[in-house]
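Okay, so here's the structure we're looking at.
The values are calculated or read from the model by the stated rules, or taken from the named source; none is laboratory data. For clarity, every value in this text was computed on a predicted model and none was experimentally measured. Cβ sites come from the backbone with ideal geometry, for glycine too, and all protein chains shown count toward neighbours. Protein only, heavy atoms only, side chains kept; ligands, DNA and RNA dropped before computing areas. Shrake-Rupley method; radii C 1.70, N 1.55, O 1.52, S 1.80 Å.
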Amino acid sequence: MTTHLSSALLLALLASSAAAQSTWYVDLTATAPGDGSITSPYASLQYAIEQATTVSGDTLLVAPGEYYEEVTTSLTTGSKSLSIRSLAGPAATSIRSDAVFGVMLINSELEGFTVSGAGGQGAFGVGLCGSTIKRCVVTDKFAGIYACTDCWILESTITGNAFPIDLSVFDSLRVRDSIVWGNESDNFALNNDLDARYSLFGVAVTGVGNLLANPSFWDAASDDWNLKPGSVCVDAGDPAAPLDPDGTRRDMGAYPFDANHAPAPLVYCTAKVNSQGCTPAIAATGTASASSASPFVISCSNQINQRAGLLSYGFQPLATPFQGGWKCVMAPTRRSPPQFSGGSPTGVDCSGVFAFEFNAQIQAGFDPALLPGAFVYAQYWARDPAASFANNRSDAVRFGIAP
C-alpha cells in the first residue's frame, strides 16, 4: 500500500517505532479509513480515537493539515486518556470545529495544534478536565478554554476569542510560559483557583514572572503569532524550564522566537493601467533582513519600456485615489534612487521592468526606521507621458524585516 506521508515525516514517525504497539498515526491525506499504521494512517482524528484498538495510555501522532472535525476523548463507551501530538506544530496543524467544544479532553494531552472555529455564544475552543494543552494556539472562538479539575496550559497562546478562559467551580488551572492576550475581553471568568507563572496576560494576574503587556505578535490579523524582535515574551519564560530550540531561556507562547522569521511579502492595493493598456505588477522575492547576505528584490513588470521610475516606501498602508490611479503608501515616504525600466530599445510597449535590492537599503543604515520587526509598504512610480498626469503607479507590497 502506498504511504501518504512525506519521507521526512516517515523518518520522524519511525523514530518513535519503539512504542509502535501503542502509537497510532493520523494523516488527513491518507486513504480512509486506514488502520493507524505508519503506512496506512487513519484519515480522521476522531475516528482514530474511537477505534477499539485505541486505549488509554496510547499516543496519536498527527501529520500536518487542517482537520475539520469535532475531537473528543469522552465517548459513550467511556473516556480514554490519550496523548494527541502534532508532528509539525501549530503553524502547520489545526483542528477547526463549530461544535460547542471544538476539542474536549478528559485526562488527556493535546500538543502542537491551532484550535479554531465558530460555534456562537457559549462555544469553547478546548474543554479540559484533568487535561493539558501544550504548544497550542486557541483562537476564533466565543471562549478559548473551559477548564475543570486539575488542568494545565503550557507554552500556549490564547488569543482572538471573545474571552479567553472559563475556570469552572471545580479546581484548579495552572498556566505556564503562555500568552493570554488580544481577546475581545481579556478578563477571566474565574470561580476558583488559578496558578499562573511566567506568562503574559491582557489583565493583571498575580504570579511569579507574569507580565501585563503587548506580546508583539508579527501579524495577528493574518494568524501569524510569531514573536517580533524585541518582544517582551522572548527569554521571559520559566528560567528553570528546558531551553528553547535556539539554546536560550524559554519564550512565552506557542511560537518560540525565530530570528529568521518575517511575514512573507503581501501584495495589496490597485495598479493604474498604463497608456499601453498594461497593468504594472509589483512582486518581491527573498526575505527582508537586517543581516542576511541573500538579496531581497522588489520588482515591477509590465512597465512602459525605456522609462524612468523609482520605488517609494513608508511604514503605513494607504488606498486612496490619486492622479487617475491609487496611492498605496501613507506619507511620509522615502524614495529609491531613480531607475530605468529597460525593455525594448525602440517603440513603445510593456517590456520594461524595474528592480530594487532592498536588503542593501536596509543594511546601509541610511534609514534608521528600517529596523527588525518593522513592516514596510512599497509602491513603484514611473513616467508615462501618454497617461493622465503623465505617470503611473503600481500596486504595492507589504513586508516585514527580520533580524
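Laid out as a table, the results:
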| item | result |
| --- | --- |
| In the stretch 371-403, the residues that are aliphatic (A, V, I, L, M) and open to solvent by 10 Å² or more (accessible area, probe 1.4 Å) | LEU371, ALA374, ALA386, ALA387, ALA390 |
| Hey, ALA221 open to solvent by less than 40 Å² (accessible area, probe 1.4 Å) and either of a type outside the set (Ser, Thr, Tyr) or assigned to a loop (DSSP other than H, G, I, E, B) (or both) or not | no |
| Residue check, SER344 among the small types (Gly, Ala, Ser), farther than 14 Å from ALA396 by Cβ, in contact with a Pro (Cβ under 8 Å, 6 or more places away or on another chain) and open to solvent by less than 50 Å² (accessible area, probe 1.4 Å) | no |
| Hits in the stretch 129-154 (condition: assigned to a loop (DSSP other than H, G, I, E, B) and within 21 Å of SER81 (Cβ to Cβ)) | GLY130, SER131, ARG135, CYS136, THR149, ASP150 |
| Members of the stretch 223-236 that are over 17 Å from CYS136 (Cα atoms) and touching a residue at least 40 places away in the same chain (Cβ under 8 Å) | LYS228, PRO229, GLY230 |
| Any hit, the stretch 110-123, residues being aromatic (Phe, Trp, Tyr) and open to solvent by 50 Å² or more (accessible area, probe 1.4 Å) | no |
| Test: ASN359 is of a type outside the set (Lys, Arg), farther than 20 Å from PRO263 by Cβ, open to solvent by less than 10 Å² (accessible area, probe 1.4 Å) and out of contact with any Gly (no Cβ under 6 Å at 6 or more places or on another chain) | no |
| Elements of type strands (runs of 3 or more DSSP E) contained in the stretch 17-128, each with 1 or more residues being in contact with a strand residue (DSSP E or B) (Cβ under 6 Å, 6 or more places away or on another chain) and polar (S, T, N, Q) | 23-26, 59-62, 83-86, 93-96, 114-116 |
| Among the candidates SER178, SER172, SER168, residue that is in contact with a Cys (Cβ under 9 Å, 6 or more places away or on another chain) and buried (at least 18 other Cβ atoms within 10 Å of the Cβ) | SER168 |
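A quick yes/no check of all residues on (1) in contact with a Gly (Cβ under 9 Å, 6 or more places away or on another chain); (2) at pLDDT below 95; (3) assigned to a strand (DSSP E or B):
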| site | (1), (2), (3) |
| --- | --- |
| GLU184 | yes, yes, no |
| ALA240 | no, no, no |
| PHE257 | no, no, no |
| ALA262 | yes, yes, no |
| THR279 | no, no, no |
| ALA284 | no, no, yes |
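This table checks each residue for (1) over 20 Å from the mean Cα position of the chain (by Cα); (2) of a type in the set (S, T, N, Q); (3) buried (at least 24 other Cβ atoms within 10 Å of the Cβ).
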{"site": "ILE106", "(1), (2), (3)": "yes, no, no"}
{"site": "GLY127", "(1), (2), (3)": "yes, no, no"}
{"site": "SER131", "(1), (2), (3)": "yes, yes, yes"}
{"site": "ASP140", "(1), (2), (3)": "no, no, no"}
{"site": "CYS151", "(1), (2), (3)": "yes, no, yes"}
